[in-house]
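The next block holds one structure in the form of C-alpha cells; read it before the comments.
Rule-based calculations on the coordinates, nothing more; no lab input. Predicted, not measured: the structure shown is a model, and the values here were computed from it. Because the Cβ atoms are built from the backbone with ideal geometry, glycine has one as well, and the counts that use them run over all protein chains shown.
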C-alpha cells in the first residue's frame with residue numbers, strides 16, 4: 001500500500017501526553033485523527049498544540065475505541081522500565097506497554113511507532129528482553145520491525161536525551177531508514193543547522209526571567225541569533241511565555257556560585273556542602289547532580305524535576321539560577337508559541353519532562369513517510 005504526498009496519512013496517538021510525538025508527526029504532514037491520554041492537564045495542552053480533542057481515560061477502558069488509522073504512535077508510561085526504576089514485572093505500569101501491543105493487534109495499522117526509555121532494552125519477560133519479545137509478537141502480525149536507540153542531538157535537539165523506538169510496518173519491499181541530518185535540515189527550512197546544537201544556540205535569545213509573581217510575557221532579548229532559535233520562533237511572536245524566575249533555596253543559590261559551566265557537585269566547597277553532597281564526592285559518579293549547563297555543549301536529559309538542582313544539570317549556563325520552564329521547553333525543542341495548560345507546577349514539569357522532543361519525533365515521522373511514497 002502506498003499513498004501520494006497529497007493524501008495525508010492518518011495517525012492515532014496513545015499515551016500522547018502534551019503532544020511532543022504527535023506534533024512532530026503533524027509537522028511532517030500527517031493527519032492526527034484520534035488521541036488518548038490519562039492526564040486531563042496534558043490532554044488540554046495537546047488540544048491547544050495539535051488542534052483536536054483528546055479522549056481522557058485509562059487506555060484499557062477505551063482501547064476498543066481506537067479507530068482505524070494508517071499509523072499508530074505512542075509512548076506508554078515507562079517508569080517501571082527506567083534505568084533508575086526497579087524493573088519489576090509485577091509493576092502494573094509496565095502493563096501499559098501491552099495495552100499498546102493490544103491496540104496494534106486490534107487496529108492493524110500499516111505502520112506504528114512505540115517510544116520508550118533506554119531501560120526498556122534491559123527489561124525482561126519470560127527470560128527474554130522485552131523489546132525482542134514485543135518484536136516477535138509484532139512480526140507474527142505481519143510487521144517488519146526495527147528496534148532503534150536514538151540520541152536527540154542527532155536530530156538538532158540541544159539535549160543528550162536517549163530514547164528507544166520500536167518501529168513496524170507492512171509495506172512490502174521497503175525497509176525503515178532514518179533520515180540523514182542534511183536532508184532533515186533542508187526539510188526544516190534551516191539548512192545551516194549543524195549538530196549538535198549547543199545550549200547557547202538554544203537559549204541565548206531568551207530574556208532574563210521575570211519575577212515569580214509576574215504573569216506577563218517577556219520580550220525576546222534580541223533577534224533570532226541562531227538557526228535553532230529561528231526554528232523555535234517561526235510563529236513570529238515578539239514575546240515568550242513561562243520565562244519566570246524559578247524558586248531557589250538560599251543553599252541552592254550558594255551552590256551555583258561555586259559551579260562553573262559544565263561543572264557539578266564536585267565544585268561545591270566542602271565548607272558549604274551538605275552531607276549528601278559529601279557522600280557524592282566520596283563515591284564519585286552522578287555527573288549531572290547539581291550540574292550546570294555549558295554554553296558550547298548540548299544539555300543533559302531534561303527530566304520532570306528540572307526545577308531542582310539535585311536531579312540533573314539544571315543550573316543556567318550564564319546566570320546563577322535554575323533554568324526556566326521556557327528554557328526547558330527550548331531544550332526539548334517545543335516551539336515558542338506553545339504554552340501548556342497546567343493546574344499546578346508539578347503537572348507542568350511532568351508534561352515537559354516526559355515529552356518526546358518534537359524535532360526527534362518529526363525526524364522519525366519524515367523517515368516513516370518515505371515508506372509510503
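Spin-label model, residue 225/residue 370: points 7 Å from Cα along the beta carbon direction are separated by 3.5 nm. Where in the stretch 237-265 is the amide nitrogen less than 14 Å from a point lying 7 Å along the Cα-to-Cβ axis of residue 295? Residues 260-262 fall inside that zone.
For an R0 of 51 angstrom, estimate the FRET efficiency from the Cβ-Cβ distance between residue 281 and residue 105 and round to the nearest 0.05. Don't skip to the answer; put the middle values down first.
On the way: r = 51 Å, r/R0 = 1.00.
That gives a FRET efficiency of 0.50.
For the chain, the spread of Cα coordinates along the three principal axes comes to 63, 49, 37 Å, biggest extent given first. Where the alpha-carbon atoms of the stretch 199-342 are placed on the principal axes, they occupy 50, 31, 25 Å, in descending order.
So what is Rg over Rh here for the stretch 261-364, counting just Cα atoms and using Kirkwood for Rh?
1.02
Ranking of 249, 226 by neighbouring Cβ atoms within 10 Å, starting from the fewest: 249, 226.
Per-residue ellipticity at 222 nm, computed for the chain from helices alone with -39500 (n - 2.57) per DSSP H run of at least four residues, works out to -8500 deg cm²/dmol.
Bridge orientation summary for the chain: considering DSSP beta bridges with both residues in this region, about 55 percent are antiparallel. For a modelled paramagnetic label at residue 345, 7 Å from Cα along Cα-to-Cβ, the residues of the stretch 232-253 in reach, with backbone nitrogen under 11 Å, are 245-249.
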